[in-house]
There are 2 protein chains.
Amino acid sequence: MIGGATRLVMLAGDPIGHTKGYAEYAAALASAGVDAAYVPAHVPAGQFAAFLDGARNLRNLAGIVATIPHKRDAFAACRPDAAARRAGSANLLRPAPDGWEGTMLDGAGFLAAVDAAGIPLGGRRVQMLGAGGAGRAVAMAIAERRPSSLAIADPDARRSESLAADVSREFPGLPVAAHLAESDTLVNCSPIGMGTDMALPVREAMIPDGGAVYDIVNRADTPLILAAKRRGCVTDHGRSMMLAQVQMLIRYLFGAR
Amino acid sequence: MIGGATRLVMLAGDPIGHTKGYAEYAAALASAGVDAAYVPAHVPAGQFAAFLDGARNLRNLAGIVATIPHKRDAFAACRPDAAARRAGSANLLRPAPDGWEGTMLDGAGFLAAVDAAGIPLGGRRVQMLGAGGAGRAVAMAIAERRPSSLAIADPDARRSESLAADVSREFPGLPVAAHLAESDTLVNCSPIGMGTDMALPVREAMIPDGGAVYDIVNRADTPLILAAKRRGCVTDHGRSMMLAQVQMLIRYLFGAR
């Protein structure tokens with residue numbers, strides 16, 4: 001129950017209406033014994049920094065979760081930890097005396113989710129779609145698992161090329177390229193399929209028959225997931241990645257309990 | 001249940017931990033069919049304007065309730081309606097395209113509460129304690145009921161004198177003075193007794209034996225209420241004033257339903 005001593009965890013995104021997980025966060029916070037409420041914050045693109053300035057005056061703000069399109073702006077506004085620095089992106093900020101500290105949980109959350117779903121990365125040809133804030137963290141996480149190759153495609157070629165170069169620098173010797181290729185495991189990190197969007201993020205022929213597909217969109221019936229199931233793939237979607245991050249968030253914002 | 005489409009109503013105050021009414025607001029919002037969450041915002045004194053600046057970037061913010069010590073700052077930051085203008089104080093803001101619109105519900109909430117409790121004002125000698133944001137609205141509300149006299153006492157004599165002058169200007173002919181006097185009905189608008197404070201806002205001899213006492217502090221066992229009961233007074237406290245404002249708030253922020 002919300003009360004006068006309740007602290008706030010705000011999920012900042014645009015759009016925000018489609019976001020999920022509120023009941024799961026409420027349950028996890030309560031069972032951790034934390035008096036905090038997880039609430040949506042509809043912050044338009046480009047206004048994240050101004051929102052943060054005002055949020056400095058909110059003493060009971062425990063933290064801000066940044067989602068699309070704010071992960072790069074969150075990174076720019078914080079003192080990043082190693083995970084955020086490597087991704088060049090942050091999805092969780094907490095107030096510090098001199099500003100904001102930030103981390104990026106998408107990479108660790110993604111790995112926990114694919115491991116639980118039995119989606120293989122090591123030794124496989126992996127294709128990623130989307131090189132935005134979450135994509136950057138997921139790319140670094142995939143690279144840790146030493147795929148046989150990693151291909152990154154984004155409609156904005158500068159983004160995919162810049163991310164491929166960054167992954168190569170962090171993981172010398174790993175075959176990384178900014179293109180679309182045949183794969184064994186396909187990972188969608190683009191927002192396509194979010195909300196009621198019925199588009200595929202890639203043409204259906206690129207879905208690996210009998211392979212594996214992870215869609216970070218938190219919706220069980222994205223067109224990608226439905227097509228992948230028809231093609232006999234092992235699949236999972238963003239709900240598992242979101243849930244994997246709940247306990248990490250509680251530790252980061254409220255400490256060990 | 002909070003979800004992605006939930007709008008926020010923030011209660012801004014300092015301190016905030018003692019504030020109450022969250023369950024009552026949640027129930028009233030739900031039964032009005034409004035998807036909104038009422039949450040505490042601990043905004044330190046002097047930082048209300050900076051907090052408001054940041055809140056402009058929060059598109060799902062339905063409104064801000066201002067409590068101690070922000071009611072005067074809220075007034076200064078908004079385009080006030082008639083109730084707020086007369087009180088020189090605002091306790092509820094809503095975003096408008098060009099800034100904030102504000103109202104002051106304490107006066108109407110106070111009148112609804114004293115009427116329900118059977119606390120008389122008209123024709124009685126009324127003593128008010130406290131001339132802050134809420135006190136200003138309550139003084140104007142009492143004056144509407146034409147007491148035989150209205151006395152206003154505040155530890156800051158400039159505040160009580162300025163409020164007495166404002167009430168006189170709005171209600172010519174009404175005997176209003178900035179002092180402490182014998183009364184039939186005593187109204188505490190000071191924060192004394194809030195939280196775990198065990199102080200009386202006035203010496204006990206000034207409590208009208210067999211009269212009436214309303215304490216706007218939202219706590220059933222303030223030292224003032226306990227002493228007034230011992231002296232045979234009709235009493236009530238701020239919970240009724242807070243509850244009377246819930247439906248007014250819903251209408252102001254979410255329109256007729």
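A few remarks follow.
- For the stretch A:26-51, the tally of residues that are out of contact with any Lys or Arg (no Cβ under 6 Å at 6 or more places or on another chain), among the aliphatic types (A, V, I, L, M) and either more than 9 Å from chain B (Cβ to nearest Cβ) or within 11 Å of A:H70 (Cα to Cα) (or both) stands at 8.
- Scanning the stretch B:1-20 for residues that are at pLDDT 95 or above, touching a helix residue (DSSP H, G or I) at 6+ places or on another chain (Cβ under 9 Å) and either facing another protein chain (nearest Cβ under 7 Å) or part of a helix (DSSP H, G or I) (or both) gives B:I2, B:G3, B:G4, B:T6.
- Boolean, B:A23 is in contact with a Lys or Arg (Cβ under 8 Å, 6 or more places away or on another chain), in a helix (DSSP H, G or I), facing chain A (nearest Cβ under 9 Å) and not acidic (D, E): no
- Sole exception among (1) buried (at least 16 other Cβ atoms within 10 Å of the Cβ); (2) at pLDDT 95 or above; (3) in a helix (DSSP H, G or I) for A:P40, by number: (3)
- Residue in the stretch A:53-63 that is more than 7 Å from every other protein chain (Cβ to nearest Cβ), in contact with a Lys or Arg (Cβ under 6 Å, 6 or more places away or on another chain) and not polar (S, T, N, Q) present: yes
- When restricted to residues that are over 19 Å from B:V114 (Cβ atoms), among the hydroxyl-bearing types (S, T, Y) and crowded, with 17+ Cβ neighbours inside 10 Å, the stretch B:169-197 contains 0.
- Residue check for A:G211: over 18 Å from A:A141 (Cβ atoms) and either modelled with pLDDT of 95 or more or buried (at least 20 other Cβ atoms within 10 Å of the Cβ) (or both): yes
- Test: residue in the stretch A:79-87 that is out of contact with any helix residue (DSSP H, G or I) (no Cβ under 9 Å at 6 or more places or on another chain) and within 12 Å of another protein chain (Cβ to nearest Cβ): no
- In this structure, A:D221 does not satisfy being in contact (Cβ under 8 Å) with a residue 24 or more places away in the chain, in the same structural domain as A:P120 (by TED's automatic domain parsing) and outside any helix (DSSP H, G or I).
- Any strands (runs of 3 or more DSSP E) falling wholly within the stretch A:104-202 and containing at least 3 residues that are closer than 21 Å to A:N218 by Cβ and in contact (Cβ under 8 Å) with a residue 40 or more places away in the chain: A:125-129, A:185-188
- Filtering A:R230, A:R203, A:R159, A:R146 for residues that are out of contact with any strand residue (DSSP E or B) (no Cβ under 6 Å at 6 or more places or on another chain), at positive phi and of a type in the set (K, R) leaves a single hit, A:R146.
- Among the residues making up the stretch B:33-57, those that are among the aromatic types (F, W, Y) and within 20 Å of the chain's Cα centre (by Cα) are B:Y38, B:F48.
- Among (1) at pLDDT 95 or above; (2) assigned to a helix (DSSP H, G or I), the one test that A:R72 misses: (1)
The values are calculated or read from the model by the stated rules, or taken from the named source; none is laboratory data. Model, not experiment: these values are computed from the prediction. All Cβ positions, glycine included, derive from the backbone under ideal geometry; neighbour counts span all protein chains shown.
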